[in-house]
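Notes follow the structure.
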Amino acid sequence: MVRVAPLTPRIVSVFLKAPVGAPIAGQHLVVRLTAPDGYAAQRSYSIASSPAADAIELVIEKFEDGEVSPFFHEVVQPGDAIEVRGPLGGHFVWRAEDGGPLLLVAGGSGVAPLMAMVRAWRDAASPTPLLLLLSARGWDDLAFRDELIALQARAPLFSFIAATTREPARRSGDLGHRFDSTALQAALRHWGYAPQHAYVCGANRFVEAMATGLLEAGVAASRIRTERYGGAG
Amino acid sequence: MATRGFTGRRPTAAFATRLPPGQFETDDFPVLSKGPTPRVDLATWRFTLSHGPKPLASWNWEEFEALPRTVWQGDIHCVTTWSKFDTTWEGVSIDDLLAAAGVAAPSGYALALSHDDYDTNVPAADLLDGRAMVATRFNGEPLAAEHGGPARLLVPHLYFWKSAKWLKGLKFTARDEAGFWELRGYHMRGDPWKQQRYSDDP
């Protein structure tokens, strides 16, 4: 059973109640759509909800030429049954007992698995400092923006810097351009912690640039986990 | 069970026979890896063939480039459901590596070992008889770092996570020892035509 809600102009949240095990933050579900003649297409979507949440929230960005993502933006109706498999993934995951300091770096819809980590951190009342760097085109493209700002206002250990690549910054401390190596190092210096775990998720070019920037900032490769989204939807 | 309202986009008839079940064709060459792209220096690069802890043979870059070359053309399939058609790879076949080392495959299984501490297990039968190589060139060019350069394993008839990037060695093992993804829920063999994606697939 499914429910869909807009998250940004290009991204929807898809809420599912599925008889699957509790996810670990960072894991994904495989979604399988089947046509009347038996033809099936499947894609992996990251889970953004907290491991403790009632419903699983998937984050699905629309690819205009995609085969599966337009279905979730245009066709699916509340209550439709969707076949899923998972939760899957055993590397790009964070549990409260993994601790930190925890650095999360997201581009666009790549925030999904990192949002699950932010929520898992919140729900566990984790004592570890957490810095989230989130990049998107514009202010309205920052998925989960209001929830993140609200969390920042009440959780002193949570730091959140947004970068809007095609619009000026709206808040003090945000960036009106992409996170380049200089901005990344400045953010880490200002945060004041050395990340024990760093997770980077987004399109490949973004992940490559951010992972390289983290290496240049002195973060060991063994502490950096990446998840790279292909362009297929 | 059909999904209400889903019709899907089928491959053209010409492609349908080349596309394993659950895959779609892409012109892109997506990049997936567990961490940052390692920068591997050719001046210190070495490839080592071993049997358990015992090295059988080892080559530096210059020596490796002087080994007999093999070209393979065909389609590759990633477990994340993309397939890429008509790729061209050049490198040294595992058969030629073993011949250069003067040995036959010493056991029934192997672990491919990478510079970023990644590893993946492959049955020896999937590496022999021209079925696999250590590839150093893609579509006529030196293999780019983000695609595993300077050298990666190429086992094109299995899902592409078996084709370990940034390869530094091949270790033959007595038993089928699970590698990085195989320890994290992925299939021990990974045949795309049988959809051997996850550990509970037959």
For the range B:130-161, give me each residue that is touching a helix residue (DSSP H, G or I) at 6+ places or on another chain (Cβ under 8 Å) and either over 15 Å from B:R189 (Cα atoms) or outside any loop (DSSP other than H, G, I, E, B) (or both). B:G130, B:M133, B:V134, B:T136, B:F138, B:E146, B:P150, B:A151, B:L153
Is it the case that B:A16 is at pLDDT below 95 and of a type in the set (A, V, I, L, M, F, W, C)? yes
Of a type outside the set (V, I, T), at the interface with chain B (Cβ under 10 Å from one of its Cβ atoms) and in contact with a strand residue (DSSP E or B) (Cβ under 9 Å, 6 or more places away or on another chain) - does that describe any residue in the range A:3-17? no
Positions within the range B:156-186 being farther than 13 Å from B:A112 by Cα and more than 14 Å from the chain's Cα centre (by Cα), in sequence order: B:A174, B:R175, B:L183, B:R184, B:G185, B:Y186
Could you count how many residues in the range B:188-202 are surrounded by 20 or more Cβ atoms within 10 Å (Cβ to Cβ) and either among the hydrophobic types (A, V, I, L, M, F, W, C) or under 14 Å from the mean Cα position of the chain (by Cα) (or both)? 2
Exactly one of B:E146, B:E90 is acidic (D, E) and within 14 Å of chain A (Cβ to nearest Cβ), and that residue is B:E146
State the number of residues belonging to the range B:111-130 that are away from every other protein chain (no Cβ under 14 Å) and touching a residue at least 24 places away in the same chain (Cβ under 8 Å). 12
Could you tell me which residue of the range A:206-233 is farthest from A:T128 (Cα to Cα), considering only residues that are within 16 Å of the chain's Cα centre (by Cα) and among the basic types (K, R)? A:R228
Here the residues within the range A:218-233 that are surrounded by 16 or more Cβ atoms within 10 Å (Cβ to Cβ) and at pLDDT below 95 are A:R228, A:Y229, A:G230, A:A232, A:G233
In the range B:162-174, the residues that are of a type in the set (A, V, I, L, M, F, W, C) and outside any loop (DSSP other than H, G, I, E, B): B:L167, B:L170, B:F172
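To keep it simple, each residue is scored yes or no on (1) on the phi < 0 side of the Ramachandran plot; (2) away from chain B (no Cβ under 13 Å); (3) part of a helix (DSSP H, G or I).
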residue	(1), (2), (3)
A:E67	yes, no, no
A:P70	yes, no, yes
A:G79	no, no, no
A:E97	yes, yes, yes
A:V105	yes, no, no
A:M117	yes, yes, yes
In the range B:16-61, what residues are outside any loop (DSSP other than H, G, I, E, B) and out of contact with any strand residue (DSSP E or B) (no Cβ under 6 Å at 6 or more places or on another chain)? B:A16, B:F24, B:K54, B:W61
Any residue in the range A:201-214 that is more than 7 Å from chain B (Cβ to nearest Cβ) sitting within a Cβ distance under 6 Å of a residue that is crowded, with 20+ Cβ neighbours inside 10 Å and hydroxyl-bearing (S, T, Y)? List the pairs, counting only those 6 or more apart or interchain. A:A203/A:Y229; A:V207/A:T226
Go through the range B:1-53 and count every residue that is more than 7 Å from every other protein chain (Cβ to nearest Cβ) and charged (D, E, K, R). 6
Residue in the range A:141-161 that is in contact (Cβ under 8 Å) with a residue 24 or more places away in the chain, assigned to a strand (DSSP E or B) and within 14 Å of chain B (Cβ to nearest Cβ) present: no
If the Cβ limit is 6 Å and pairs must be 6+ apart or interchain, which residue in the range A:9-29 that is on the phi > 0 side of the Ramachandran plot pairs with which residue that is part of a strand (DSSP E or B)? A:G26/A:W94
All but one of (1) at the interface with another protein chain (Cβ under 10 Å from one of its Cβ atoms); (2) within 30 Å of A:A220 (Cα to Cα) hold for B:W61; state the number of the condition that does not hold. (1)
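The values are calculated or read from the model by the stated rules, or taken from the named source; none is laboratory data. These figures come from a predicted structure and were not determined experimentally. Glycine gets a Cβ as well: all are built from the backbone with ideal geometry, and neighbour counts include every protein chain shown.
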